[in-house]
Structures are given as structure tokens and as C-alpha cells.
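In what follows, a single structure is set out as C-alpha cells and then discussed.
All of the numbers you see were taken from the coordinates with simple rules; none came from a lab. Everything quoted here is computed from the prediction, not taken from an experiment. So basically every Cβ, Gly included, is an ideal-geometry build from the backbone, and we count neighbours across all protein chains shown.
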Amino acid sequence: MKRALPLLLALSSALAFGAMAGHDWASPGRLFSALSGDTSLQSQLLMVWRLPRVLAAALVGALLGLGGAIFQGVFRNPLAEPYLLGSSGGAAIGATIALLVPLGLPAGPALAGLSFLGAWSATWLVLAIAGLHGRPDTAGLLLAGVAIAAMLGALRSFLMLALSDDTVNLQVVLSWTLGGIQTPDMAGLALLSGLVVAALALSLRLARGLDLLGLGEEQAFAFGLDPARFVRIAVLVGAGIVAAAVAYGGLVAFVGLIAPHLARWWTGPRHAGMLPASALIGAAIVCACDGIARAVLPPAEVPLGLITALFGGPFFLLLLARRLRV
Amino acid sequence: MSGVECRSIRVEAGGKRLLDDISLAFAKGTLTGLVGPNGAGKSTLLRVLAGYHRADAGHVLWQGRDLADWSAAERGAAGGYLPQQLEPAWNYSIEEVVTLGASRSTAPRPTAELLAEHGLSDLAARRWNALSGGERARTMLAATVAPRPGIILADEPGASLDIRHRLDLAHRLRALAETAVVVVIMHDLDLAARFCDRIVLLDAGRVVADAAAEAVISDPELERVFNIRLQRQALERDRDWVIGLSA
């Protein structure tokens, strides 16, 4: 609990910053009066537009933090990212189809459903290829994931070129693939909250298995885990979480890498503590970056994925350099 | 039946037969040493006995029941398999590793008690990267035997230990063999001769000798298999004498 407090404080600060930031900055005083029931237009705009968006950013960040932590645990590699497994790429294909093909379905559910479907099938494909010759090992999974992710990226670009015409706005798809939180309505926010709670509960059920897997596949087996079965389940849970994050926030890079890293540094490697910490850190990062995205080039909005990549890229390189040195 | 048994085990890889028709039974109260030159198939056999490597033919039975019928959790609680290599992805502390080992029991023993039992209390918070080979080996042994498994299969647990710690380990394995089936791969023939009750000598995937330790040590097959000449000297069993040194 002592370790959770600073994380909660960081998240609260990020939420407050997110609520204030924008092309029209809100002072703490204005924020406070809006929260205490003020009915002025400015307060209503804050309550109806900005706060749901800030909360959605935090929730998407929590999903990215959890998804990243699960993938790093499964791959036993601190440099692993959900993107490496093709999950994000698969989700992005599904979402691109939902955005560009007139399917006659309601836009929200189609986007969410196809993102899920894309992430799950891409992950299955990676697992199937990696497991062609018996037990899927980590290197095989990573290589299969990289190859699939590259192919899916090319396919997505092709679909965008082939399917866009005057009736669909390529700009929308493009800005979505660069990452960006949409302002949800109350029902959307409730659904997203439910997804985060479910994701956290499922992740925590994986905690012991991820701990054991961290000892190595053979040692995990020795301590009573069926590694092949566990990896299959954990990857699917991770893919589901990543798909939900992609459906709500587009392709947001590096949060799934940074959040688990900081969480492990803060709580130690045991996943029962590290998973919730990663969710909190991911929430704080996306919340703060979303605030920056809204405030840095007013009145335009910079894609969220650009901000996270700008901060996350150097972080990744730093980790890589440290890892190469030892 | 409270032992480990394998029947007609055959393992092939890349067209090569790694284990060829191996049938062995191990009982409680006996410390068995698996010896043989590099590539003889010792580690493969141990992995098959542990269930980690599925044999191409044959069966493994734990307590009379086919190992394929055991759930992973049951297997983890009843068995203590100690692989040769351990490279944790995360920098766990000794306490965390021992807790994880103990967690496979339905009623895990308190970690503090386990750490004290293995003389690791003072090092509890020390992280993996900062441990010596000996400390790592002691940690893994503590974690492996934490739920008091009835079956212990260890792949060269003494490999990275100095002679003092190797002797300590041998005494521990002897003590464990009082209440469990213990099968250990050993490269140190001297220790195997003095601490094991039984030695199984493997060569090129086959059992070439399987008898009481003294009998195998005096078997000329041993010299042929290792392509060495041995000078044998009788020493009291279970004592901490070191042989093979000359001034």
C-alpha cells in the first residue's frame, strides 16, 4: 500500500493536468467549481467534453499498461511490446476495415468487434506459426510476431489506399492509426471502465503463472506450470486487452513498454504488485500525454501516438543501450 | 507404489537415438546417481522422468500412475525437478524465488522457515544478479524441496559449487533420500561413489551398468565409458574426505 500511494498521487496529478490542459486552459479554481456543480457554460463544457475524455485516456492507458506487462511477462523480455506479437497490427486492420468499409453496422460496435477479431486472429496466427514444430519458444514467437506485424502494417496501408474514396475521410483513419482518444459518451465510458476492471481481474489471475514463467520455461514447468498452455491463455488475454486499448485509443506506441518497466522498477518483479502498478502508470502517462496533445498546438490537436513516441522512443533507446552494455 | 518408473523409453532427435529402450525404477529411501560422459543422455533421461520432455516411446509412472495423467499442479506439488540451467528474466530476490517454489503446495510453508532451514535468512532480500553460483544453487534447492516433494530429480545441482558446498549438498541429498525418491545427475564420480546408494551408468543413450554404488565404481565398464583409468581407494561412506588431491 505504501508503494501504491505515490502512484495514485501521480495518477491524480496527471488527471488534474489532463483536465486543465487544452487550447483553453482551465484554472484549478474553474476545475473545482465545475466539479462542485457549477452550471456555467464553461463548467458544463469541462464536465461534458473534457473530463470524459481525460478519464477515457486514463482507462486506455491502464489497458496499455496491463497489456504490455502481460506481453513482457510472457516473452520474458523487458523490451517486448504488444506490437511485437502482431496483436496491435491485427487490431488496427480490424479497425481500418470498420472505418473504411460500409458494413451497415453501428460504427462503435463494429470498430470494437473487428479490432478484437483482428487482434485475436493475428495472435493465433503468430502462435500457430511459432508452434508448428512443437512447443512454441520465445524466440520463435517473437520472430513470428515481427513478421506478422510487418505484413499487417503493409496490408493496412494497402487497404487505406484501396478503400478510401471521396465518401470516407482518409484523414480520420490516418489520425486514428497515429493514436488518439475520442471523447466517449457516458455509456462508452461505462463500458470502457468495465473493460478495465475485467482486464485487471484477468491479469491478476495470470500473476503467479507470469512469476513462474519469469524463472524460465523449464523451471516454471518444474514448479507445476504447463508453460505451453499458460502462454496460449496469457497471450489471448493480452491480445484482448490490447484490442480494447486500440479500439478506444488507436495505435498508441511505447506506453506498453514504458509502464511495465517503471512498474517493475517501483514494485519489484512479482506480478501481483507489478500489474496494478503498470496499469496506474500507463493511465498516468496516457492521461498526461493526451493533455499535452491537446494543448501543444492550439487549436489543432497533435495525435497522441506522436507524443508518446516522442517521449517513449528515447526511453526505449536508453533501455536498449543499457541492455547492450551489460 | 511410491516411486518413479520408466518403461521402454525411447527418445530421438535429428535422426539420432538419444535414449534407447530405457527401463528403470527408483524407490524411496535410495539416493540414485546418474553418471555418464557428456552426451550420454543423462539430462534427457531426467527431463523425461520429470515429464518435461515427452518420450517418443515408452511411459513414465509416478507413484504407479502414468505421468501423462497428472495435472501440472499435482505434478508440481509431488515432484521437485531441478533443471541444470536457470536464467530468470527478472531480478527476483532469494525470498521471492523460495516463496514461488513453496507456492506449489496447497498449504505453503512459511518462507522465513524455509530460508532459515537452508541458511539463507540473512540473504533473503538479495537479488538474483548479486548472488554467487553457490548462493543460487542453495536458493534453487530450497525452492525445489519447499513443499517436501516425494520425488526429487536434480540435474547436476553441484555443478557451480566449490568442494565445501558440494559436500554440504551431498549431505542434504542424502538426508532428503530418507523420505523421497532422489535421482541426481553427478559428474563427480568420487562424490557419487561415497554418497549414492545406487549408480546408473549411461553411455550413448543406453544403461550400461545399474547396481549398488560400490559395484559400479569397481566395474571396468566405468573406465571404458569415460575412457580413463581410475585408481580406487576405499573411504568411509558419507564422510567429508576429499580424494584426488596430491601434494
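Across chain A, the relative contact order, built from alpha-carbon pairs under 8 Å that are at least six residues apart, equals 33 percent.
Taking the Cα centre of region A:177-326 as the origin, how large is its charge dipole in debye, to the nearest 20, when only Lys and Arg (+1) and Asp and Glu (-1) carry charge on their Cβ atoms? Please report the intermediate quantities before stating the final value.
Working: 10 positive and 7 negative charges, 78 e Å.
Computed about the Cα centre, the dipole is about 380 debye.
The modelled label-to-label distance for the pair B:Glu87/A:Leu297, using points 7 Å beyond Cα in the direction of Cβ, is 4.4 nm. Spatial offset of region B:118-147 relative to region B:42-74 amounts to 27 Å, using the alpha carbon center of each. For chain A, the longest principal axis of the Cα atoms and the long axis of helix A:186-213 meet at an angle of about 30 degrees. Label reach from A:Leu310 (point 7 Å along Cα→C-beta): in region A:256-293, amide nitrogens under 17 Å belong to A:285-293. Within 14 Å, Cβ to Cβ, of B:Leu34, how many net charges do the neighbouring residues add up to if Lys/Arg are +1 and Asp/Glu are -1? Its environment carries a net charge of -2.
Given charges of +1 on the Cβ of Lys and Arg and -1 on the Cβ of Asp and Glu, with all other atoms neutral, how large is the dipole of the protein assembly as shown about its Cα centre, in debye to the nearest 20?
Working: 47 positive and 45 negative charges, 109 e Å.
Magnitude of the dipole: close to 520 debye.
Using C-alpha pairs below 8 Å separated by at least 6 residues, the relative contact order for chain B is 26 percent.
Based on the Stokes-Einstein relation at 4 °C and a viscosity of 1.567 mPa s, and on the Kirkwood radius from alpha carbon pairs, region A:40-103 is assigned a translational diffusion coefficient of 90 µm²/s. Taking packing as the residue-averaged number of other Cβ atoms within 10 angstrom, the listed peptides A:31-40, B:131-140 run from highest to lowest as B:131-140, A:31-40. Report the gain in length on full extension from A:Lys2 to A:Trp124: 0.36 nm times residue separation, minus Cα-Cα distance, nm rounded to one decimal. Extending this stretch completely gives an extra 40.0 nm.
Each distinct pair of alpha carbons in region A:29-153 adds a 1/r term; the inverse of their mean, the Kirkwood radius, is 16.9 Å.
Would you kindly work out the equivalent ellipsoid of region B:1-155 from its C-alpha gyration tensor and give its semi-axes, the square roots of five times the eigenvalues, largest first in whole Å? Walk me through the numbers before you get to the answer.
On the way: eigenvalues 179, 67, 34 Å².
For region B:1-155, the semi-axes come out at 30, 18, 13 Å.
Using the count of nearby Cβ atoms within 10 Å as a rough guide to exposure, how do B:Val11, A:Val48, A:Val252 rank from fewest to most?
On the way: B:Val11 22, A:Val48 13, A:Val252 33.
Ordered by Cβ neighbours within 10 Å, fewest first: A:Val48, B:Val11, A:Val252.
For peptide B:71-79, how many partner chain Cβ atoms fall within 10 Å of a residue's Cβ, on average?
Per-residue shielding by partner chains comes out at 4.
How would you rank B:Tyr81, A:Tyr83, B:Tyr52, going from fewest to most other Cβ atoms within 10 Å of each one's own Cβ?
Working: B:Tyr81 26, A:Tyr83 23, B:Tyr52 18.
Starting with the residue having the fewest Cβ neighbours, the order is B:Tyr52, A:Tyr83, B:Tyr81.
Taking Cα atoms only, the orientation of helix A:304-325 departs from the longest principal axis of chain A by about 30 degrees. Under the convention that each Lys and Arg Cβ holds +1 and each Asp and Glu Cβ holds -1, the size of the dipole of chain A around its Cα centre is about 900 debye.
Please arrange A:Ile241, A:Ile285, B:Ile152 by counting, for each residue, the other beta carbons lying within 10 Å of its beta carbon, fewest first. Before the final figure, lay out the partial values.
Details: A:Ile241 32, A:Ile285 28, B:Ile152 25.
With the sparsest Cβ surroundings first, the list reads B:Ile152, A:Ile285, A:Ile241.
Taking 0.36 nm per residue of sequence separation and removing the Cα-Cα distance, the A:Arg322/A:Phe158 pair yields an extension gain of 55.3 nm.
Using only atoms on other chains, find how many Cβ atoms lie within 10 Å of each Cβ of peptide B:87-95 and report the average.
6
Return the tail of the calculated pair distribution for region B:26-86, meaning the percent of Cα-Cα pairs more than 16 Å apart. Taking all Cα-Cα pairs of region B:26-86, the fraction more than 16 Å apart is 51 percent. Placing a pseudo-label 7 Å from each Cα along the Cα-to-Cβ vector at B:Ala159 and A:Ala228 gives an inter-label distance of 2.4 nm. Under a Cβ-Cβ cut-off of 11 Å, what is the net charge of the residues other than B:Asp155 that fall near it, where Lys and Arg count +1 and Asp and Glu count -1? After counting each charged neighbour, the total is 0. Every helix of 4 or more DSSP H residues in chain B counts as -39500 (n - 2.57), and over all residues that averages to -9000 deg cm²/dmol at 222 nm.
When the helix-only estimate is applied to chain A (DSSP H runs of n ≥ 4, each -39,500 (n - 2.57), divided by the residue count), what is the mean residue ellipticity at 222 nm, nearest 500 deg cm²/dmol?
Working: 14 runs with 244 residues, N = 326.
Helix-only estimate at 222 nm: -25000 deg cm²/dmol.
Each listed q (0.18, 0.23 Å⁻¹) maps to a log10 I(q)/I(0) for region A:231-325 from the Debye sum over equal C-alpha point scatterers, namely -0.94, -1.27.
Across the residues of A:221-233, average count of Cβ atoms on other protein chains within 10 Å? Don't skip to the answer; put the middle values down first.
Numbers: counts 9, 17, 18, 16, 5, 5, 2, 0, 1, 1, 0, 0, 0.
Across the residues of A:221-233, the mean count of other-chain Cβ atoms within 10 Å is 6.
Look at the dipole of chain A built from charges on Cβ: of A:Pro299, A:Leu66, A:Ala91, the Cα furthest out on the positive end belongs to A:Leu66. Which values of log₁₀ I(q)/I(0), to two decimal places, follow from the Debye formula for the protein assembly as shown at q = 0.05, 0.06 Å⁻¹ with a uniform point scatterer at every Cα? Taken in order of the listed q values, log10 I(q)/I(0) reads -0.29, -0.40. According to the calculation over all Cα-Cα pairs in region A:60-325, the P(r) per 10 Å bin from zero is 7, 31, 37, 19, 5, 1 %. Helix A:51-75 and the longest principal axis of the C-alpha atoms of chain A enclose an angle of approximately 10°. When region B:117-220 is described by a simple charge dipole with +1 on each Lys and Arg Cβ and -1 on each Asp and Glu Cβ, the residue from B:Leu161, B:Met140, B:Ile217 located farthest towards its positive end is B:Met140.
Compared with the alpha-carbon gap, the fully stretched path from B:Glu236 to B:Ala215 is longer by 6.0 nm at 0.36 nm per residue.
A simple count of charges around B:Ala215, restricted to other residues whose Cβ falls under 13 Å of its Cβ and scoring Lys, Arg +1 and Asp, Glu -1, yields -3.
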